[in-house]
Amino acid sequence: MTEIAEASREKVEPVLKTRFYSHATLECKDIRRTRQFFEEFLGFETVQMANVSFWARLGGDQIIVVVQGPRKAEGEMPFLNHNGLDVPTDADVDRSWELVKANAEKWGLHKITKPVVQHGTYCFYFWDLDDNAWEILSNPKGGYSWGFEMGDQEGAGHMSRKFQRPKTGADAGPDGEA
């Protein structure tokens, strides 16, 4: 292990005393259409908080605050800033990919990539009607918590197809647990 990796494992007292990652924010062009997309296509629970915003959650207490801007910025969300949605198995990734392709015109989905293994999961990406990027990935129950259980990693980079990954798909149970 390198000196930097060793040092990163030491527990330090944080400057800020935060306790919970509560939300992220996405911008949209049409609040009603985007809320419909979140509910009917992505499967989020939503609650309208103002004429120009709603909150969305799926499977936990963290939320996405969706706000209709006065003029949504032009251009798509950069690939590395994507939002991840977990499914239990690799077969579920493949089914989701087929559904995204089949519903692309209805929901304004574009730039749909093919499923691949990278950064420890089997996944694909697409952009929505508001040009926000989404990743559908197979992960065990608990999402990326497996990375914290493994500890610091060396060698393979984030986008490597050789990244050590947890059991999913045929190796996992019905909930994606090994």
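In this structure segment 1-128 gives 66 Å² per residue of accessible area when probed at 1.4 Å with all protein chains present. When the square roots of the Cα gyration tensor eigenvalues are ordered a ≥ b ≥ c, the ratio a/c for segment 1-145 is 1.5 or more and a/b does not exceed b/c, which makes its shape oblate. Can you tell me the FRET efficiency between Glu149 and Trp55 if r is taken as the Cβ-Cβ distance and R0 is 45 Å, rounded to the nearest 0.05? About 0.90, to the nearest 0.05. Could you tell me which of the pairs Lys101/Lys141; Lys17/Lys111; Lys17/Lys141; Lys106/Lys141 are separated by over 32 angstrom between their Cα atoms in the structure shown? In this structure, Lys17/Lys111 lie more than 32 Å apart at Cα.
Computed from backbone phi with θ = phi - 60° and the Karplus coefficients 6.51, -1.76 and 1.60, the 3J(HN,Hα) list for segment 129-143 is 5, 9, 6, 8, 8, 10, 10, 9, 9, 8, 8, x, 3, x, x Hz; x is used for glycine and proline. Output ³J(HN,Hα) for segment 52-62: one whole-Hz value per residue in order, computed from phi by the Karplus curve 6.51 cos²θ - 1.76 cosθ + 1.60 with θ = phi - 60°, and x for Gly and Pro. Whole-Hz 3J(HN,Hα) from phi for segment 52-62: 10, 7, 9, 9, 10, 9, 8, x, x, 8, 6. Residues in segment 89-111, backbone N under 17 Å from the label point at Val117 (7 Å along the Cα-to-beta-carbon vector): list them, ranges by number please. What the label zone holds, given the 17 Å backbone N cut-off, is 89-94.
Taking a sphere under 9 Å around the Cβ of Leu109 and counting the other residues whose Cβ falls inside, with K and R at +1 and D and E at -1, yields a net charge of +1.
The values are calculated or read from the model by the stated rules, or taken from the named source; none is laboratory data. On a predicted model such as this, the values are computed, not experimentally measured, just so you know. Note that each Cβ is placed from the backbone with ideal geometry, even for glycine, and that neighbours are counted across all protein chains shown. Heads up: the accessible areas ignore ligands, DNA and RNA and are worked out on the full protein's heavy atoms, side chains in. Shrake-Rupley method; radii C 1.70, N 1.55, O 1.52, S 1.80 Å.
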